[in-house]
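**Student:** Have a look at this one.
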Amino acid sequence: MTSALSITRSVNPPRAAFVDFPLGHTAGKAGDKPLQRKIMIDTLSALDSIQVPGDIRHLSYQWSDDDSWKDRVMRPAKTTATTTESTAASKQNPDDRLERTTEPQYQSPADQRAAMSAGCPGCVFLESPPA
Amino acid sequence: MSRPPVDYIERTRSQYQSLGYPPYQWVENKLAPPFVPLSKPLHESRVGLIASGGIYRVGQMAFHFKDDVSYREIDTDAPMSELRISHFAYDTADARRDPNVVFPLQTLRELAHVSRIRELASKAYTFMGGIYSARKVRSLLAPALADRMVRDEVDVVVLVPV
């Protein structure tokens with residue numbers, strides 16, 4: 001499955017099913033089980049029927065009527081004002097990714113406590129784990 | 001109105017340029033990919049699931065954000081309510097609300113229930129795909145996961161990147 005067509009073309013896997021949704025929704029929209037199911041059925045059908053190595057099946061789902069989300073991808077909101085204050089704002093880091101660190105990033109402090117006591121069952125470290 | 005897909009390679013190139021970073025080297029595989037025809041119909045197949053959206057289960061260590069090449073085994077009968085997400089490079093709000101959007105575990109369980117597939121393997125595997133070292137993925141993570149697929153005797157694998 002993929003939502004990043006250009007990257008998948010470059011990586012060139014044996015088969016792929018492309019869903020043209022914002023990243024973070026490769027398998028559907030949150031809470032929409034019928035859509036998730038349809039996407040997976042179409043994906044399995046692509047898996048079953050693609051005969052040409054490297055073929056990418058484009059599934060016909062659309063995220064929203066106007067596709068305006070595509071304007072904002074990797075282009076964090078810019079201010080439209082033209083004052084000096086906004087110039088400073090527009091010089092903010094245009095990278096909306098979070099800081100890269102070797103500290104595990106738990107969804108909640110409770111998860112961290114649970115991991116401390118459980119000893120990380122099913123965790124496989126291929127390099128030394130963070131201290 | 002439908003518009004062309006986002007060209008993430010081009011947008012990454014311009015973002016890196018504006019940040020003063022050297023250009024990111026995307027993986028490019030120009031040779032025809034290895035292609036294995038399905039050995040049996042899907043309704044007779046055991047299906048593996050591998051996802052890169054940073055999913056872990058409560059009790060497991062979360063991923064870190066700097067070339068973390070570890071992976072997690074998650075029982076495919078795990079309750080969805082015990083799944084969590086950590087990832088630095090996409091908006092995780094919807095995935096945290098409904099992990100099926102990046103880890104379609106319940107979706108595949110239900111398709112097994114109605115015999116679209118024979119079954120899910122007993123374990124799914126997850127990692128956090130923001131690994132900027134393609135070398136580490138190629139030499140460490142991908143072979144380890146491929147080995148798990150062989151040991152789990154799956155017939156097909158659904159790969160879910162973000």
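**Student:** For region A:74-88, indicate whether the set of residues that are facing chain B (nearest Cβ under 7 Å) and at pLDDT below 95 is non-empty.
**Tutor:** yes
**Student:** Restricted to region A:16-28, and to residues that are more than 7 Å from every other protein chain (Cβ to nearest Cβ) and out of contact with any strand residue (DSSP E or B) (no Cβ under 6 Å at 6 or more places or on another chain), which residue is surrounded by the fewest Cβ atoms within 10 Å (Cβ to Cβ)?
**Tutor:** Only one residue fits best here, namely A:PRO22.
**Student:** Further question on the same structure: Quick one: is B:SER2 among the polar types (S, T, N, Q), within 7 Å of chain A (Cβ to nearest Cβ) and not in a helix (DSSP H, G or I)?
**Tutor:** Yes.
**Student:** Okay, moving on. Within region B:99-118, is there a residue that is modelled with pLDDT of 95 or more, part of a helix (DSSP H, G or I), farther than 21 Å from B:VAL150 by Cβ and of a type in the set (D, E, K, R)?
**Tutor:** Among the residues of region B:99-118, at least one is modelled with pLDDT of 95 or more, part of a helix (DSSP H, G or I), farther than 21 Å from B:VAL150 by Cβ and of a type in the set (D, E, K, R), which makes the answer yes.
**Student:** When only residues in region B:76-93 that are at the interface with chain A (Cβ under 9 Å from one of its Cβ atoms) and surrounded by fewer than 16 Cβ atoms within 10 Å (Cβ to Cβ) count, which is modelled with the lowest pLDDT?
**Tutor:** It comes out as B:ASP91.
**Student:** Evaluate region B:29-51: report whether one residue or more is within 17 Å of A:MET74 (Cα to Cα) and part of a loop (DSSP other than H, G, I, E, B).
**Tutor:** Within region B:29-51, none of the residues are within 17 Å of A:MET74 (Cα to Cα) and part of a loop (DSSP other than H, G, I, E, B).
**Student:** Here is a follow-up. For region B:3-24, give me each residue that is within 19 Å of A:PHE21 (Cβ to Cβ) and of a type in the set (Lys, Arg).
**Tutor:** B:ARG3, B:ARG11
The values are calculated or read from the model by the stated rules, or taken from the named source; none is laboratory data. The structure presented is a predicted model; accordingly, all values stated were derived computationally and were not measured. Using ideal geometry, Cβ is built from the backbone for each residue, glycine included, and neighbour counts are taken over all protein chains shown.
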